[in-house]
Amino acid sequence: MSTHPLAGVRVLDFGLLTAGANTSAMLADLGADVIKIESGAYLDPFRVVGKPDNEDGWWNRSPQFRFTNRNKRGVALNIKDPEGQRIIRDLAKHCDVVVENFRRGVLDRAGLGYRDLSAANPRLVFAAISSQGDTGPERMNVSFGSTLDATSGIASLTGYEDEEPRISGMDVNYPDQIVSLFATGIVITAVMEARRTGRGAFLDFSQREVASFTLGEEILAASADPTRPSGRRGNREEGVPQQDAYHCRDGRWIAVTLGTPDAALEAFCADRDSAATVAALLARGIAAAVCNDGNDLLRDTALQGVTLVRDDRGGLVKGLPYRLGGKGIDIERAGPDLGQHTGEVLRELLGYDDAQLNELADAGVTSTTPAIGDV
Amino acid sequence: MAAPDDLPLQRFTIIEVNDAKVPLCLRLATSLAAKIAADLGADVLKIEPPGGDPVRRAPPFLPQGESALFQFLNTSKRSLVLDLEGGAGRTALAGLLDKADAVLFEEPASTAAMLRASRATPIEIAAFPAGMDAAARPVSEFTILALGGLLHMVGEPERKPLRLGGHQVSYAAGLTAFTGLAAALAARDAGHTAPDVRVSLAEVMQWVNWKAASGADASGISPGREGKLSEFQIVPCRDGHVAVVYTATQWPATRALIGDPRLDDPKFNTRAGRRQNIAELYAILTPWFADKTRAQIQHTAQARGVPFGPIFSPAELLQTEQYAARSFLANMDHPTLGALRLPQLPVQWNGRSFAPRPAPELASELAT
């Protein structure tokens with residue numbers, strides 16, 4: 001990448017799974033030096049849920065982990081050990097941003113919350129991403145992926161006509177995916193403010209609020225008219241004369257949006273293969289597309305754009321959601337093995353020597369193997 | 001709220017150009033990105049075509065007849081009507097661009113070449129990736145959802161695939177464009193050359209749906225909609241519905257919560273086992289919900305650390321205690337529409353929220 005808007009910014013990354021880890025990944029893509037903190041006793045759960053086998057080193061092979069954590073350095077420090085906590089506080093003095101999505105209170109109890117870290121480094125921008133936000137009666141509530149489809153309102157508007165609501169499900173976990181698209185921009189804005197004023201910020205993100213924010217006009221309309229009908233309408237959309245998925249002769253579904261209703265469309269699709277139907281509809285100025293699955297996405301490199309790339313080990317990983325300066329990104333480093341860069345980072349930022357590093361390893365403060373099996 | 005002169009993006013000037021002939025789905029993304037910047041204090045000038053942004057006439061509508069969609073997407077902005085088909089309009093726009101830090105617009109816009117060449121950093125919203133050369137292809141959010149593979153993921157495997165509620169395609173792209181805009185402003189602010197930003201709805205949806213590509217790449221088999229075969233399903237309760245969701249480590253707590261001895265059968269101990277016996281599992285789970293309210297279910301489940309999700313409608317969200325406690329929903333006094341209630345930006349910055357200011361009336365001259 002020729003342009004690095006966040007060159008010189010260093011991120012201490014406690015981000016897990018998608019919501020946290022992907023926010024710091026997007027900062028890395030913009031040129032930030034991202035140091036991911038894990039420990040043998042607490043791996044990023046993506047290392048475990050995506051493990052391909054139980055052979056030695058399984059924790060370094062999860063595709064989901066590698067998709068999300070490329071372009072980061074990996075440090076393993078036990079955040080429950082006072083020495084591990086002290087080292088992390090020292091690292092925070094050399095960082096501009098912290099990203100975390102632990103359950104509320106976890107970092108505070110370890111002496112690594114905003115109060116502690118900002119006392120050591122007032123310029124720190126601290127992004128706390130949680131299910132419900134850092135305040136309010138539900139702040140300690142747990143959620144997992146599609147819990148938030150339900151509680152945000154999205155599920156109430158998703159489903160077959162007049163049937164029960166639907167969630168995006170475990171293979172999408174939609175609310176987890178969108179939070180980083182917003183949080184990254186806010187973190188960048190706060191970094192600009194910290195540069196200008198010398199003061200950092202505590203950024204409190206509620207994933208549920210991010211998901212509800214995407215229904216802003218629905219909430220606004222409901223507030224003005226509580227009797228406004230709501231609920232499931234299949235694929236129909238207010239203001240759109242006709243819109244649905246139609247089944248084609250070759251067994252594939254296509255999506256069609258019509259500006260003028262056409263009762264003959266279903267039969268038209270049923271008589272033709274999907275590609276021919278889509279081509280015929282597009283030629284008439286009608287929006288139509290084949291319903292792709294994951295394998296279709298892998299095959300269609302033009303449609304992929306900049307969203308998928310290969311890392312230096314040849315693995316397929318997440319690219320960018322946008323093109324910057326006309327380009328996507330090259331992956332400069334694959335997702336780190338557990339603790340791969342512990343020595344490198346502690347030497348570079350804190351001046352540790354071999355003897356000190358060996359001592360930390362012997363004491364179990366640092367590690368390269370997990371102490372857990374399942375999450 | 002803090003005074004507007006204390007807002008983080010207040011020293012930036014941003015132009016949003018709404019071309020008359022651009023598909024609605026692109027316009028929504030542009031407007032959302034610019035709205036976020038405006039709520040954060042940027043001086044956002046929205047250039048509307050004669051007759052106004054067509055979103056002014058798009059549903060859902062407020063009882064007064066105004067568009068709720070427009071009011072949500074255009075808070076805190078100023079507006080100016082310019083006829084960009086004509087030389088005078090373009091000259092006026094060029095003058096505005098000279099003083100702007102960034103300009104947001106859509107790819108098929110008639111003024112795209114001029115906007116790309118301006119000294120403001122271009123933030124461009126398109127339907128398809130740059131390499132596809134498909135700017136003229138008919139498009140909707142729904143067809144992008146299909147292309148991005150997300151449509152394939154929701155519904156029953158034997159029935160038609162389902163879209164997600166709301167404008168998820170346009171808004172995910174709008175959030176992306178906002179982050180791209182912030183990156184461009186940060187680069188300018190640091191004295192670097194800012195990268196121009198190009199966001200396509202198709203790329204954003206694939207990026208959001210990365211697990212489909214990851215899963216297909218790892219196993220050769222694409223994930224897809226599982227409906228009643230999924231471990232996570234929606235079940236009815238006394239006053240609505242609840243999403244049954246838990247992690248692998250939360251299964252023992254979930255089993256204890258339901259308290260039916262049939263769940264102790266070892267065949268339910270693993271994710272694979274539960275999936276193989278999914279109909280039987282749900283036959284056991286479902287009755288537990290039937291006589292309880294969503295509030296009771298959420299309360300008892302959370303007490304055991306089980307993340308079941310009660311389903312709320314937009315109207316019900318207006319009453320949620322959590323949103324009230326955090327003042328997530330702002331009361332906005334609109335000069336002609338009266339009191340409106342809408343979500344604020346979903347972040348608290350040192351405890352501060354960013355209260356939106358009312359969307360602009362259509363104006364053919366800039367208010368000073």
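The values are calculated or read from the model by the stated rules, or taken from the named source; none is laboratory data. Here the structure is a predicted model, which means the values were calculated and not measured. Cβ sites come from the backbone with ideal geometry, for glycine too, and all protein chains shown count toward neighbours. Note: areas computed on protein heavy atoms with side chains; ligands, DNA, RNA excluded. Shrake-Rupley method; radii C 1.70, N 1.55, O 1.52, S 1.80 Å.
Taking the options A:47, A:10, name whichever one is in contact (Cβ under 8 Å) with a residue 60 or more places away in the chain and touching a Phe, Trp or Tyr at 6+ places or on another chain (Cβ under 6 Å).
Of A:47, A:10, the one residue that is in contact (Cβ under 8 Å) with a residue 60 or more places away in the chain and touching a Phe, Trp or Tyr at 6+ places or on another chain (Cβ under 6 Å) is A:47.
Within region B:166-180, can one find any residue that is more than 7 Å from chain A (Cβ to nearest Cβ) and surrounded by fewer than 24 Cβ atoms within 10 Å (Cβ to Cβ)?
no
Can you name the strands (runs of 3 or more DSSP E) wholly within region A:1-119 that have at least 3 residues being more than 14 Å from every other protein chain (Cβ to nearest Cβ)?
Details: elements: A:10-14, A:33-38, A:73-76, A:97-100.
Passing ranges, in order: A:10-14, A:33-38, A:73-76.
Looking at B:82, B:115, B:96 in this structure, which one is open to solvent by less than 10 Å² (accessible area, probe 1.4 Å) and among the hydrophobic types (A, V, I, L, M, F, W, C)? Walk me through it before giving the result.
Details: B:82 fails: open to solvent by less than 10 Å² (accessible area, probe 1.4 Å); B:96 fails: open to solvent by less than 10 Å² (accessible area, probe 1.4 Å).
Just a single option satisfies the conditions, and that option is B:115.
If I ask for residues that are in contact with a Gly (Cβ under 7 Å, 6 or more places away or on another chain) and either open to solvent by less than 10 Å² (accessible area, probe 1.4 Å) or more than 9 Å from chain A (Cβ to nearest Cβ) (or both), which ones from region B:315-359 would you list?
B:317, B:322, B:326, B:342, B:343
Would you confirm, using the coordinates I've provided, whether residue B:313 is closer than 30 Å to residue A:191 by Cα and small (Gly, Ala, Ser)? Don't jump to the end; show me each part of the working.
Values: closer than 30 Å to residue A:191 by Cα: no; small (Gly, Ala, Ser): yes.
Answer is no for this residue.
Give all pairs with beta carbons closer than 9 Å in which a residue from region A:330-346 that is without any contact (Cβ under 8 Å) to a residue 60 or more places away in the chain meets a residue that is part of a loop (DSSP other than H, G, I, E, B); count only pairs at least 6 apart in sequence or on separate chains.
That search, which allows pairs on different chains as well, returns A:343/A:352.
Is there a residue being within 17 Å of residue A:170 (Cβ to Cβ), in a helix (DSSP H, G or I) and either without any contact (Cβ under 8 Å) to a residue 12 or more places away in the chain or not assigned by TED's automatic domain parsing to the domain that holds residue B:245 (or both) anywhere in region B:292-307?
Here is the first cut: in region B:292-307, the ones within 17 Å of residue A:170 (Cβ to Cβ) are B:306-307.
From the residues that got through so far, the ones that are in a helix (DSSP H, G or I) too are none.
No, there is no match, as no residue in region B:292-307 is within 17 Å of residue A:170 (Cβ to Cβ), in a helix (DSSP H, G or I) and either without any contact (Cβ under 8 Å) to a residue 12 or more places away in the chain or not assigned by TED's automatic domain parsing to the domain that holds residue B:245 (or both).
Do we find that residue B:32 is open to solvent by less than 10 Å² (accessible area, probe 1.4 Å) and on the phi < 0 side of the Ramachandran plot in this structure?
Numbers: open to solvent by less than 10 Å² (accessible area, probe 1.4 Å): yes; on the phi < 0 side of the Ramachandran plot: yes.
Yes.
Output the residues belonging to region A:196-209 that are part of a helix (DSSP H, G or I) and touching a residue at least 40 places away in the same chain (Cβ under 8 Å).
Step one: filter region A:196-209 for residues part of a helix (DSSP H, G or I), giving A:196-197, A:207-209.
Hits for region A:196-209 are A:207, A:208, A:209.
Can you name every residue in region A:129-152 that is under 17 Å from residue B:348 (Cα atoms), crowded, with 24+ Cβ neighbours inside 10 Å and of a type outside the set (S, T, N, Q)?
Matches in region A:129-152: A:129, A:133.
Given the conditions (1) within 9 Å of another protein chain (Cβ to nearest Cβ); (2) surrounded by 24 or more Cβ atoms within 10 Å (Cβ to Cβ), and given that residue B:138 satisfies all but one, which numbered condition is not satisfied?
If we test residue B:138 against (1) within 9 Å of another protein chain (Cβ to nearest Cβ); (2) surrounded by 24 or more Cβ atoms within 10 Å (Cβ to Cβ), just (2) comes out false.
I'd like the residue in region A:161-194 that is facing another protein chain (nearest Cβ under 7 Å) and over 22 Å from the mean Cα position of the chain (by Cα) and, out of all such residues, is nearest to residue A:64 (Cα to Cα).
Across region A:161-194, the extreme among qualifying residues is A:165.
Would you point out which residue out of A:129, A:178, A:167 is in a helix (DSSP H, G or I), modelled with pLDDT of 95 or more and touching a helix residue (DSSP H, G or I) at 6+ places or on another chain (Cβ under 9 Å)?
Values: A:129 fails: in a helix (DSSP H, G or I); A:167 fails: in a helix (DSSP H, G or I).
Being in a helix (DSSP H, G or I), modelled with pLDDT of 95 or more and touching a helix residue (DSSP H, G or I) at 6+ places or on another chain (Cβ under 9 Å) holds for just one of A:129, A:178, A:167, which is A:178.
Kindly indicate whether any position in region B:102-112 is assigned to a loop (DSSP other than H, G, I, E, B) and either on the phi > 0 side of the Ramachandran plot or at pLDDT 95 or above (or both).
Filtering region B:102-112 down to residues assigned to a loop (DSSP other than H, G, I, E, B) leaves B:107-111.
Retained after the next criterion (residues that are either on the phi > 0 side of the Ramachandran plot or at pLDDT 95 or above (or both)): none.
Within region B:102-112, not a single residue is assigned to a loop (DSSP other than H, G, I, E, B) and either on the phi > 0 side of the Ramachandran plot or at pLDDT 95 or above (or both).
Would it be correct to say that residue B:68 is more than 9 Å from every other protein chain (Cβ to nearest Cβ) and of a type in the set (Gly, Ala, Ser)?
Numbers: more than 9 Å from every other protein chain (Cβ to nearest Cβ): no; of a type in the set (Gly, Ala, Ser): yes.
No.
Restricting the search to region B:48-69, which residues are surrounded by fewer than 23 Cβ atoms within 10 Å (Cβ to Cβ) and either touching a residue at least 40 places away in the same chain (Cβ under 8 Å) or more than 25 Å from residue A:230 (Cα to Cα) (or both)?
B:49, B:50, B:51, B:52, B:56, B:62, B:64, B:66
Let's see how each residue does on (1) free of Cβ contacts under 8 Å to residues at least 24 places away in the same chain; (2) farther than 27 Å from residue B:136 by Cβ; (3) in the same structural domain as residue A:174 (by TED's automatic domain parsing):
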residue	(1), (2), (3)
A:253	no, no, no
A:260	yes, no, no
A:268	yes, no, no
A:289	no, no, no
A:315	no, yes, yes
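The rows are residues; the columns are (1) crowded, with 24+ Cβ neighbours inside 10 Å; (2) among the aliphatic types (A, V, I, L, M).
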{"position": "A:294", "(1), (2)": "yes, no"}
{"position": "A:297", "(1), (2)": "yes, yes"}
{"position": "A:301", "(1), (2)": "no, no"}
{"position": "A:305", "(1), (2)": "yes, no"}
{"position": "A:308", "(1), (2)": "no, yes"}
{"position": "A:311", "(1), (2)": "no, no"}
{"position": "A:315", "(1), (2)": "no, no"}
{"position": "A:326", "(1), (2)": "no, no"}
{"position": "A:331", "(1), (2)": "no, yes"}
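Test residue B:190 against the criterion of being more than 33 Å from the chain's Cα centre (by Cα), modelled with pLDDT under 95 and either within 30 Å of residue A:189 (Cα to Cα) or more than 7 Å from chain A (Cβ to nearest Cβ) (or both), and give yes or no. It would help to see each step written out before you state the result.
Values: more than 33 Å from the chain's Cα centre (by Cα): no; modelled with pLDDT under 95: yes; either within 30 Å of residue A:189 (Cα to Cα) or more than 7 Å from chain A (Cβ to nearest Cβ) (or both): yes.
No; evaluated as a whole, the condition is false for this residue.
May I ask you to list the residues in region A:127-147 that are within 26 Å of residue A:188 (Cα to Cα), at the interface with chain B (Cβ under 7 Å from one of its Cβ atoms) and under 14 Å from the mean Cα position of the chain (by Cα)?
Matches in region A:127-147: A:145 only.
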